[in-house]
1. Quickly run through region 381-400 and pick out the residues that are within 25 Å of the chain's Cα centre (by Cα) and either closer than 22 Å to Asn350 by Cα or in contact (Cβ under 8 Å) with a residue 40 or more places away in the chain (or both).
2. Do we find a residue being surrounded by fewer than 21 Cβ atoms within 10 Å (Cβ to Cβ), among the basic types (Lys, Arg) and not in a strand (DSSP E or B) anywhere in region 267-278?
3. Report every pair of residues separated by at least 6 positions or lying on different chains whose Cβ atoms are under 6 Å apart, first residue within region 137-150 and open to solvent by 10 Å² or more (accessible area, probe 1.4 Å), second at pLDDT below 90 and β-branched (Val, Ile, Thr).
4. Which condition from (1) within 22 Å of the chain's Cα centre (by Cα); (2) among the basic types (Lys, Arg); (3) surrounded by fewer than 19 Cβ atoms within 10 Å (Cβ to Cβ) is the one that Arg340 breaks?
5. Which residue pairs have Cβ atoms under 6 Å apart, sit 6 or more places apart or on different chains, and have a first residue in region 254-281 that is in contact (Cβ under 8 Å) with a residue 40 or more places away in the chain and a second that is acidic (Asp, Glu) and in a loop (DSSP other than H, G, I, E, B)?
6. Does region 320-341 include one or more residues that are free of Cβ contacts under 8 Å to residues at least 60 places away in the same chain, more than 24 Å from Val363 (Cβ to Cβ), part of a strand (DSSP E or B) and in contact with a Pro (Cβ under 7 Å, 6 or more places away or on another chain)?
7. Does any residue of region 173-189 turn out to be surrounded by 14 or more Cβ atoms within 10 Å (Cβ to Cβ), closer than 16 Å to Gly225 by Cβ, among the polar types (S, T, N, Q) and at pLDDT 85 or above?
8. Does region 358-368 include one or more residues that are under 16 Å from Glu330 (Cβ atoms), in contact with a Gly (Cβ under 8 Å, 6 or more places away or on another chain) and touching a residue at least 40 places away in the same chain (Cβ under 8 Å)?
Amino acid sequence: MEYYIFLNKMTPQPTESQPVAKRTRAATKWREWKNLPTDLVEDIAGRLLNFDVAEYLCFRATCKPWRDCTDNPRMGDGMDARFRPRNWIVLNRCGARTGRTLVNIATGARTSIDFHELFTHHQLGTADGLLVLANKATDHICLLNPLTRAFGGFPPLRIDRAVNMSSMICGSSSSSSSRPPLDPSKINGAGIDDSTSPRTLVLCLRAGWCPIVCAKPGDNNWVYGCATEMRPAGIVTRVQSPVTIGGRCYFTTVAGAIMTVDPSSPARWPVMTFLLNEDPPVNAKISSFLVRSQGRMLMVRYMVGFNLVDGGGYDETKIFKWHGRPCCMEVFEVDIAGRRLVPQSGVGDNKAAFLGATHTVMVSTKKFPKIADNSVYLNCFLQRRGHFGAYHFGDRTTTPPKDFPARGSRRYFPCACHWELEDCLVRNVEKRYYKENYLYMDDDMRQDAP
């Protein structure tokens with residue numbers, strides 16, 4: 001059964017001055033919407049929440065009785081998976097230190113919000129729709145829901161040396177009072193694992209001898225994670241493009257091995273296990289990315305190298321050339337239960353994927369027609385290194401890279417006011433942060449540092 005409520009068209013109550021016939025007709029149209037049955041209100045709220053958390057919030061804001069019989073999204077630790085705005089992205093606004101523009105990549109809706117938290121925190125990234133913030137004074141990490149404004153706290157960016165690399169390898173548990181801070185420039189994306197209680201925040205690192213760090217609300221420090229299995233290419237030292245789906249956090253190596261955190265491990269440190277541990281059957285330069293697409297997880301694999309055509313075993317019709325270099329762009333649906341990759345012909349009709357190591361974004365091209373359909377866009381760092389801007393699966397063509405303004409120019413700073421959405425996403429899916437003079441800055445802000 002479908003329910004339709006037109007809250008802005010309620011008939012006013014009849015008055016005594018009205019004729020009896022008009023009063024009767026008006027009385028039959030009058031409805032006490034605030035006194036709807038509780039089960040009906042809960043059913044409507046659930047349907048709206050399944051569509052978008054913003055619609056759920058608007059429904060609760062209608063009247064107090066409806067708020068009383070629906071769950072408050074601000075309760076708890078702010079990490080409830082039901083209220084995460086996965087379809088919303090946050091873009092900068094020029095001239096507004098704490099102002100941000102929120103855009104729904106599925107419906108095209110947008111709104112502007114002032115986050116007073118950004119006076120004392122700096123945004124390090126996103127985790128399943130939540131903003132990952134770092135306190136400028138204490139280095140404490142927080143998660144902020146940009147729509148509900150729910151706030152969850154985590155320990156400062158420092159590592160628990162009681163669980164160090166030697167204890168992971170040798171089984172010892174030597175403790176140390178030294179807890180070195182974690183360099184925020186190493187953070188390469190974030191995800192949430194809902195299978196633990198309380199939930200675990202996973203931060204991927206760019207490079208080093210451990211690829212991730214994990215913490216839960218209430219912990220005193222962060223703990224390195226390690227892989228218990230070896231890859232044919234050696235130990236895993238870097239993972240990227242984390243995606244939270246089905247309550248688990250997944251990430252991939254550059255070559256395309258998909259990993260997750262095993263919450264059932266008895267070890268004192270987070271253990272990384274392989275969902276898929278196979279390399280492509282070719283020796284080439286590879287970049288792999290995980291993309292969330294309407295409840296599914298896709299892998300996009302970009303390969304460059306002459307080995308693709310010299311006995312690489314790939315269909316020549318799938319090979320294209322950019323500046324004389326053979327390239328190949330592959331898309332797979334990740335069958336989590338079957339632990340396999342299912343080849344796809346592209347990212348899908350009316351969709352476009354923006355690929356970055358920090359995170360990835362899938363956009364509806366019906367709502368944003370300036371973005372090419374069934375295409376993938378490379379991040380600005382790859383484009384600056386001589387790669388193309390976008391690849392279109394329909395006609396297997398490429399577009400040239402974007403000519404972004406120089407870093408010394410004020411126009412380099414991306415904002416929702418003057419930049420196209422395409423350009424903002426190409427910049428935002430790949431960001432690096434630096435800590436200078438005790439302030440966090442990304443690539444855009446660092447140009448103005450003393």
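1. Once the filter is applied, which keeps residues that are within 25 Å of the chain's Cα centre (by Cα) and either closer than 22 Å to Asn350 by Cα or in contact (Cβ under 8 Å) with a residue 40 or more places away in the chain (or both), region 381-400 yields Phe381, Leu382, Gln383, His387, Phe388, Gly389, Ala390, Tyr391, His392, Phe393.
2. Within region 267-278 (the criterion being surrounded by fewer than 21 Cβ atoms within 10 Å (Cβ to Cβ), among the basic types (Lys, Arg) and not in a strand (DSSP E or B)), the answer is yes, since at least one residue qualifies.
3. none
4. (1)
5. Pairs found: Phe274/Glu229.
6. Checked region 320-341: no residue is free of Cβ contacts under 8 Å to residues at least 60 places away in the same chain, more than 24 Å from Val363 (Cβ to Cβ), part of a strand (DSSP E or B) and in contact with a Pro (Cβ under 7 Å, 6 or more places away or on another chain).
7. Looking through region 173-189, at least one residue is surrounded by 14 or more Cβ atoms within 10 Å (Cβ to Cβ), closer than 16 Å to Gly225 by Cβ, among the polar types (S, T, N, Q) and at pLDDT 85 or above.
8. no
The values are calculated or read from the model by the stated rules, or taken from the named source; none is laboratory data. Computed from a predicted model, the values in this text were never measured in an experiment. FYI the Cβ positions are ideal-geometry reconstructions off the backbone, even for glycines, and counts take in every protein chain you see. Protein only, heavy atoms only, side chains kept; ligands, DNA and RNA dropped before computing areas. Shrake-Rupley method; radii C 1.70, N 1.55, O 1.52, S 1.80 Å.
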